[in-house]
Amino acid sequence: LKQLQREQPDALAQWLSDPYSASHGGESLAQLSERVAAWLAAFNSPGSTLAVTHPQVIRAVLGQLLDCPLAALQRIDVLPLAKLQLSFNGQWRVRLL
């Protein structure tokens, strides 16, 4: 992000403010949320899965579980080494650790 901020500040600002923007040539937050929704939908049997990922994916997961508007996801601050635990029993539940 620091490199984008130096080299393409307008594109970065657009990406951070518009969940449908992919002005930097990557994936938009909306596209990421769709991918995360499909990933969550694939969990239909008991078991455990560990996912190590970055803050944007955690934001997208929380957005899906809490049914948040996409624009609200950038307001979730995810610190390094943050953990959350998900469980599913007919509906998803999230526990912040």
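The values are calculated or read from the model by the stated rules, or taken from the named source; none is laboratory data. Just so you know, these numbers come straight off a predicted model, no measurement behind them. Please note: Cβ atoms are built from the backbone with ideal geometry, for glycine as well, and neighbour counts cover all protein chains shown. The area values use the complete protein model at the heavy-atom level, side chains included, leaving out ligands, DNA and RNA. Shrake-Rupley method; radii C 1.70, N 1.55, O 1.52, S 1.80 Å.
Checked against (1) more than 23 Å from L97 (Cβ to Cβ); (2) modelled with pLDDT of 90 or more; (3) of a type outside the set (V, I, T); (4) touching a helix residue (DSSP H, G or I) at 6+ places or on another chain (Cβ under 8 Å), L32 passes all but a single condition, namely (1).
Counting only helices (runs of 4 or more DSSP H) that sit wholly inside the chain, those with at least 3 residues that are aliphatic (A, V, I, L, M), open to solvent by less than 90 Å² (accessible area, probe 1.4 Å) and touching a residue at least 12 places away in the same chain (Cβ under 8 Å) are 9-17, 29-41, 55-66.
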